[in-house]
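In what follows, a structure is listed as structure tokens, so that the remarks can point back to it.
The numbers here are math on the coordinates, done by the rules we state, and not lab data. If you're wondering where the values come from, they're calculated on a predicted model, not measured in any experiment. Note that each Cβ is placed from the backbone with ideal geometry, even for glycine, and that neighbours are counted across all protein chains shown.
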Amino acid sequence: MTRNRIALAVFALGAIASGAWAVYNLLPLGDFFHNGGGFVGGTADTIDALRYILAPAIVFAISRFVRVHDGVARGLRRVHLAFSASIVALLVIFIVATALGQFIHGMDGVWFALLVATFIGGALWLPVQGFFTAGFLSLLIKTGPAQAGHYD
């Protein structure tokens, strides 16, 4: 099997698995927001928190090994950075708004949109990190270690 086919298979499997994982994570949010209640929860121990930090770190590490000169890796890195930074920014804004007491009078307008966006970002965090991992792994397989050179 050629490098291109293996790379395509890795990307396709990663994209399909990430898409299924994202849908699985978003289904409880749909029930929660459409039905006006319900339960959205999980555990929050140190191992759980560690995987939310390690996932983007692993993606960034793998992305640094991709040494292609066609700009695809550079563009993929920029999209990954923009996604990761926007979700972190949403979370920071939500935490600051909560600490400043913005939700004392209820959730309406912009604050409700912020809550929904933060929940969606949290649900998509790991699946999208998995998607980018598959993308960078496929580029790494496609270019191979023989393409040594400088980074984008």
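Using a simple spin-label model with pseudo-atoms 7 Å out from Cα toward Cβ, Ala49 and Ala85 lie 2.5 nm apart.
Inter-label distance, Asn4 to Ala97: 4.8 nm, where each label sits 7 Å from its Cα along the C-beta direction.
Stretching Trp111 away from Phe32 to a fully extended chain increases their span by 26.8 nm, per 0.36 nm per residue minus the current alpha-carbon distance. Taken along the Cα-to-beta-carbon direction at a fixed 7 Å, the label points for Arg74 and Ala17 span 3.0 nm.
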